[in-house]
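The values are calculated or read from the model by the stated rules, or taken from the named source; none is laboratory data. Worth saying up front: this structure is predicted, and the values here are computed from it rather than measured. FYI the Cβ positions are ideal-geometry reconstructions off the backbone, even for glycines, and counts take in every protein chain you see.
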Amino acid sequence: MLSSVVFLGLVALIGTSRGSYPFTHMMNPHLHPRLYHGCYGDIMTMDTSGASCGLDRLTHCGTRGSEMFAEMDLRAIKPYQTMIKEVGQKHCVDPALIAAIISRESHGGAVLENGWDHHGLKFGLMQLDQKIHHPVGAWDSKEHLLQAVGLLAEKIKTIQQRFPKWSVAQHLKGGLLAYKSGIDAVGNPVDTDTDFVDDLLARAKFYKRHGF
């Protein structure tokens, strides 16, 4: 009986130390999707202003604009939902966040030409730059998605190591920016206040509410 109490106490302690829900909620892929969020924080608790309202985006901006774009891509991304969840669980990354990157970067693959962007420089659903990474697998394959999400997880972990005093949300945002622009683009929390990061989080919240 005592050993069970000690074990439960350790589980609660681990969950608290990660700055998010208890360990069982992070790791159990069979929980309701609103409860599973991987190892890098609960996106539903993170603040975001959504897509920035620049001169070229006067109306479709903010969180509502991000949600609108996410909804437009939902049909294209749905066929990959099971694969996204499997890859997310493999790397302990929230599937909704993966779906958001796929939406932002390739609109679910709808704008790609044989898996490439129109410049022929980036490849796959999450658009890996071939100048930096050698793509593996077909552009819409699980193998390739594993590569891309693995790289995202590595970026987040690097930010955690470089800035141990940052919050869970700041680590995740820094990792997202590093995935897009490289580690050197992240020097302080202010750097992560970008259109890319805020738009991704708003889209991710939309996909979380739609079963990812």
(request) Go through the range 65-169 and tell me which helices (runs of 4 or more DSSP H), entirely inside it, have 2 or more residues that are among the acidic types (D, E). (result) 142-162
(request) Kindly list, by first and then second residue, each pair from a residue in the range 99-124 that is closer than 16 Å to L145 by Cβ and without any contact (Cβ under 8 Å) to a residue 12 or more places away in the chain to a residue that is assigned to a loop (DSSP other than H, G, I, E, B) and of a type in the set (K, R), limited to pairs with Cβ atoms under 7 Å and residues at least 6 apart or on different chains. (result) none
(message) Only one of G41, G88 is at pLDDT 90 or above and touching a strand residue (DSSP E or B) at 6+ places or on another chain (Cβ under 9 Å). Can you tell me which?
(response) G88
(message) Among the residues that make up the range 170-180, is at least one of them of a type outside the set (F, W, Y), surrounded by fewer than 23 Cβ atoms within 10 Å (Cβ to Cβ), in contact with a Phe, Trp or Tyr (Cβ under 6 Å, 6 or more places away or on another chain) and part of a helix (DSSP H, G or I)?
(response) yes
(message) Suppose we keep only residues that are of a type in the set (G, A, S) and under 18 Å from Y40 (Cβ atoms) within the range 136-169. Which one would you say is surrounded by the most Cβ atoms within 10 Å (Cβ to Cβ)?
(response) A148
(request) Go through (1) modelled with pLDDT of 50 or more; (2) farther than 23 Å from G124 by Cβ; (3) not basic (K, R) one by one and return the number of the condition G15 breaks. (result) (1)
(message) I'd like the residue in the range 49-80 that is among the polar types (S, T, N, Q) and crowded, with 18+ Cβ neighbours inside 10 Å and, out of all such residues, is farthest from Y207 (Cα to Cα).
(response) T63
